[in-house]
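Notes to accompany the following structure.
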Amino acid sequence: MDRLILHCDLNNFYASVECLKNPALAEAPLAVAGDPEKRHGVILAKNDAAKKFGVKTGDVIWEARLKAPGLVIVKPHFDDYMRISDQVSEIYYRFTPQVEPFGADECWLDCTGCEKLFGNGRQIADTIRSTVKKETGLSISVGVSFNKVFAKLGSDLKKPDATTVITRENFRNMLWGLPADQMLSVGRKTYEKLVKMNIVTIGDLARADADVLKKTFGVLGPRMRDNALGLDSEPVREHGSRRPRESVGHGMTTVKDVVTMANAQTIIYYLSDMVGARMRKYGVRGKTVTVHLRNSVLKSISRQTALTRPTFAAAEIAEAALSLVKANWSGEPLRTVTVTVSDLVSSDGCVQADMFDRDPYRNERLEKALDSIKAKYGKSAVMRADLIESDFVYDKNEGEDFLPFKR
């Protein structure tokens, strides 16, 4: 029996919430954007009036204003977005316990077996749409299908406030003529490679040779082809169920360009502290450290190195990350820096110690002690001295991170 999967997508979520708070803005072209003074002057969301002028998510503010004279710029209010996101999620749980968030504004629902209670897929979707609109004032688009990939495609096909049903009988006619990058898991760079292989549409991808795709894209290649053929079988994960964590990372766009190694060191230690704290929270250690650098003209490099043993100590993560920066950064102005740790293992397990290191866990014990102090007296109770007067790092507390989908 086919599954009944819904993908619910809140339309223009951030912008819709701002218009809900201030109805006078509803008819004006409006965009939600980060703070230009903190280098986050890009469009995060826009309403339909702004879309008609060609304003796109990711546009810089000055670019968006050229497209839409009179564009109203509103700073994001993430507490409001999360509150309403939780309210909408509560509505979803009335129909099924199997609800998987995909960011703050999207969720998959597995409604298999719920038909006798709520009707067929279209009826369930329409009921959810009307309930969300009645209780929150917001509209959603819903895709209904037999797997997650097609359900998400369905919610994207018709907006706003619409239900789209994709079945085994109609998916070829409905989807195979669409560009392949509209399908989940096909990003911009992957699509560029596909186009060079004369694979342009979802139908082209479905008909492509699996061995050729695997040779070019690794395991992702056959998976993309399976998705295009409607063979996706990934389950909707119930509340509290998570994918195995593969990495822990933190990145930031600096307030101004980084041009000295001293500045880079400050940022690397800050990011490593954030990563180490999260790893301790998640109960994992990691053995591979990766640094991603993006310069002021938006060119990026990523480099990684392996540690001698897994750790969650920020000091050891930072030491490895700094060695990568020193070896690979030529001094051009940096705009964004990210530190990530992968090859994770449980922190409950044993770790092979270095025979020349009498106390391999001293950094980990020290940082656990600092965690306890911060938990009791606040995160600013203990911090690196070079962070106190730093004008490069704007998010000195994790709660201030520019992470719109953090949950």
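Counted by Cβ distance under 10 Å from S342, the other residues give a net charge of 0, where Lys and Arg count +1 and Asp and Glu count -1. Give K214/K299; K21/K56; K56/K281 a once-over and call out the pairs whose C-alpha atoms are over 30 Å from each other. Going by Cα-Cα distance, K56/K281 fall outside the 30 Å limit. The string of couplings for region 8-23 from the Karplus curve (6.51, -1.76, 1.60, θ = phi - 60°) is 9, 10, 5, 6, 6, 3, 4, 5, 5, 5, 5, 5, 5, 5, 9, x Hz, one whole number per residue in order, with x for Gly and Pro. Spin-label model, E319 to V219: label points 7 Å out along the Cα-to-beta-carbon direction sit 3.2 nm apart.
Given R₀ = 25 Å, FRET efficiency for R188-A26 by Cβ-Cβ distance, to 0.05? Once rounded, the FRET efficiency stands at 0.20. The distance separating the Cα centre of region 267-299 from that of region 1-36 comes to 31 Å. Among the listed pairs K152/K196; K52/K134; K46/K75, those with a Cα-Cα distance over 23 Å are K152/K196; K52/K134. Of the GluC sites (Glu not before Pro) found in region 152-244, the ones in coil according to DSSP and having at most 10 other Cβ atoms within 10 Å of their Cβ are E169. Which FRET efficiency value, to the nearest 0.05, do you get for R168 and S296 by plugging their Cβ-Cβ distance into 1/(1 + (r/R0)^6) with R0 = 56 Å? Efficiency for this residue pair is about 0.65.
In units of the rule-of-thumb radius 2.2 N^0.38 Å, region 54-100 shows an alpha carbon radius of gyration of 1.75. Using the Cβ of V325 as centre and a radius below 14 Å, the other residues enclosed give a net charge of +1, where K and R count +1 and D and E count -1. Spin-label pair D348-L231: with each label point 7 Å from Cα along the Cα-Cβ axis, the two points sit 3.7 nm from one another. Taking 0.36 nm per residue of separation and subtracting the Cα-Cα distance, full extension of the segment from Q123 to T288 would add 54.6 nm.
Each reported figure results from applying straightforward, stated rules to the coordinates on display, with no laboratory input. Nothing here was measured: the structure is a model prediction, and the numbers come from that model. Note that each Cβ is placed from the backbone with ideal geometry, even for glycine, and that neighbours are counted across all protein chains shown.
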